[in-house]
Amino acid sequence: MPKRFVLSGYFGFKNFGDEAILSVLVSKLKEFGTDITIITSNPDYTHSLYENINCVRTFDIKNIVEALSKTDFLISGGGSLLQDVTSLKSLIYYLLIIFIALFLHKKVIIFAQGIGPINSSFGRFVTKNILKHCTYLSVRDEKSQELLNNWGIKSDLLCDPIFSLKVPQVQKTKMLAVQLRDCKGMSAEFLDRLSKAVNDNFSDFDIEIYALQDAIDLNICNEFSDKLKALNPSIKTEVYSNLSNQDIISHLAKAQYMVSMRFHSIIIGLLTGVKTLCINYDIKVEKIAKEFELPVIDLQHDFNGAFENLKNLDTETIKSKTENHKFDWSGFEKVIE
């Protein structure tokens with residue numbers, strides 16, 4: 001009889017990073033001939049991506065409990081589910097799913113998560129006392145592991161599972177990819193400075209602008225495109241939205257350069273040998289830029305030669321560092337076999 005899994009995460013929202021993590025996880029589980037149920041905000045969309053899987057809607061607690069009662073494992077992850085920066089409600093929701101599985105005596109795997117920040121004392125208390133009962137925990141950054149260590153909870157430190165994606169190695173075109181998202185601190189003034197820098201450095205390139213989660217990214221991407229065209233009517237720009245994950249990867253792989261905000265688009269840039277400038281809006285972006293020695297700009301300050309540093313990046317050095325990042329499935333496999 002095949003093992004049965006329920007997957008809990010930020011699934012169905014058409015967010016590139018979370019959907020890519022889900023694809024990696026489903027592909028791995030299918031090696032074991034498993035029965036898979038995905039908790040998703042959009043069952044029709046998730047069903048369209050995968051054959052022979054079951055879906056339960058995110059807030060359909062009755063059917064979630066039923067699915068958990070029949071499963072062998074709950075897998076919670078990846079991404080940054082267990083934090084209260086987005087909202088305390090979000091943290092409590094994901095913890096509730098874990099609590100129900102534990103109450104039903106199911107094995108729980110915390111999969112390659114970034115834990116925290118958890119600012120509320122209540123959130124920290126509940127998270128600690130639920131996670132200590134999980135079967136296996138893996139985290140994607142040292143800060144998360146340090147937090148769990150302080151709570152007396154053992155975890156494996158792994159790289160992000162997106163590093164295990166098989167990506168195309170294609171001929172580069174004369175193209176700069178720009179990937180933007182809305183966030184706290186994003187401003188018209190920043191977009192003005194960015195459009196000027198892009199025009200000053202890449203006016204003879206095709207500028208492709210990518211929304212990787214349309215609900216959050218698309219308005220900013222269109223605004224940036226409009227600012228570029230106002231500055232230089234002859235510049236070639238195109239905004240891409242509502243692409244499949246595979247289309248996003250194949251498009252980005254063709255770029256010579258990229259200016260990127262989202263963590264997982266930066267990883268795709270690393271995997272496909274794209275010279276990448278990171279826009280630091282979140283600690284995870286700061287960390288990956290530092291790890292791979294990528295140039296960084298932020299939303300408040302002048303760019304101070306960052307675009308020159310982008311042009312001078314050595315793709316061979318980046319490639320050699322990236323090759324050392326292989327997702328380690330051994331702890332995960334040991335638990336489920």
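The values are calculated or read from the model by the stated rules, or taken from the named source; none is laboratory data. Since the model is a prediction, treat every value here as computed from it, not as a measurement. No Cβ is skipped: glycine too gets one built from the backbone with ideal geometry, and neighbour counts run over all protein chains shown. Each accessible area value is taken on the protein alone, full model and side chains, heavy atoms only, with ligands, DNA and RNA left out. Shrake-Rupley method; radii C 1.70, N 1.55, O 1.52, S 1.80 Å.
Overview of values
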read-out	value
Elements of type helices (runs of 4 or more DSSP H) in region 110-224, at least 1 residues being over 30 Å from VAL239 (Cα atoms) and not polar (S, T, N, Q)	121-131, 142-150
In region 248-273, the residues that are in a helix (DSSP H, G or I) and within 16 Å of the chain's Cα centre (by Cα)	ILE248, ILE249, LEU252, PHE263, HIS264, SER265, ILE266, ILE267, ILE268, GLY269, LEU270, LEU271
Selection from region 143-153 of residues that are under 17 Å from GLY331 (Cβ atoms) and either open to solvent by 70 Å² or more (accessible area, probe 1.4 Å) or not hydrophobic (A, V, I, L, M, F, W, C) (or both)	SER144, GLN145, ASN149
Residue that is farthest from ILE249 (Cα to Cα) [pool: residues in region 153-190 that are acidic (Asp, Glu) and in contact with a helix residue (DSSP H, G or I) (Cβ under 7 Å, 6 or more places away or on another chain)]	ASP156
Filter pass, HIS251 being over 18 Å from ARG140 (Cβ atoms) and open to solvent by less than 60 Å² (accessible area, probe 1.4 Å)	yes
Any hit, region 231-241, residues being out of contact with any Lys or Arg (no Cβ under 8 Å at 6 or more places or on another chain), among the charged types (D, E, K, R), farther than 30 Å from MET1 by Cα and modelled with pLDDT of 95 or more	yes
Residue in region 114-124 that is of a type outside the set (Val, Ile, Thr), over 21 Å from the mean Cα position of the chain (by Cα) and either closer than 25 Å to LEU243 by Cβ or open to solvent by less than 50 Å² (accessible area, probe 1.4 Å) (or both) present	yes
Residue in region 86-100 that is loosely packed, with under 15 Cβ neighbours inside 10 Å, within 28 Å of LEU271 (Cβ to Cβ) and either touching a Gly at 6+ places or on another chain (Cβ under 9 Å) or free of Cβ contacts under 8 Å to residues at least 12 places away in the same chain (or both) present	yes
Close pairs (6 angstrom Cβ cut-off, 6 or more residues apart or separate chains): under 17 Å from ASP298 (Cβ atoms) in region 246-266, in a helix (DSSP H, G or I) and open to solvent by 10 Å² or more (accessible area, probe 1.4 Å) anywhere	PHE263/LYS284
Members of region 154-199 found to be among the small types (Gly, Ala, Ser) and open to solvent by 30 Å² or more (accessible area, probe 1.4 Å), listed by number	SER164, GLY185, SER187, ALA188
In region 231-245, the residues that are under 23 Å from the mean Cα position of the chain (by Cα), in contact (Cβ under 8 Å) with a residue 24 or more places away in the chain and surrounded by fewer than 17 Cβ atoms within 10 Å (Cβ to Cβ)	SER241, ASN242
Subset of region 67-85 (residues that are small (Gly, Ala, Ser), open to solvent by 30 Å² or more (accessible area, probe 1.4 Å) and either at pLDDT 95 or above or more than 22 Å from ILE283 (Cα to Cα) (or both))	SER69
Entirely in region 1-81, the helices (runs of 4 or more DSSP H) that have 1 or more residues that are in contact with a Cys (Cβ under 8 Å, 6 or more places away or on another chain)	43-49
Test: residue in region 42-53 that is over 21 Å from the mean Cα position of the chain (by Cα) and touching a residue at least 24 places away in the same chain (Cβ under 8 Å)	yes
Restricting region 32-61 to residues that are touching a Lys or Arg at 6+ places or on another chain (Cβ under 9 Å) and among the polar types (S, T, N, Q), the residue that is surrounded by the fewest Cβ atoms within 10 Å (Cβ to Cβ)	ASN52
Meets criteria (open to solvent by 20 Å² or more (accessible area, probe 1.4 Å), at pLDDT below 95, basic (Lys, Arg) and touching a Ser or Thr at 6+ places or on another chain (Cβ under 8 Å)) for LYS14	no
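Rundown of residues vs (1) more than 30 Å from LYS184 (Cα to Cα); (2) touching an Asp or Glu at 6+ places or on another chain (Cβ under 7 Å); (3) among the aromatic types (Phe, Trp, Tyr), yes/no style:
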residue	(1), (2), (3)
PHE73	yes, no, yes
GLY77	no, no, no
TYR93	no, no, yes
PHE99	yes, no, yes
ILE110	no, no, no
GLN113	no, no, no
ASN119	no, yes, no
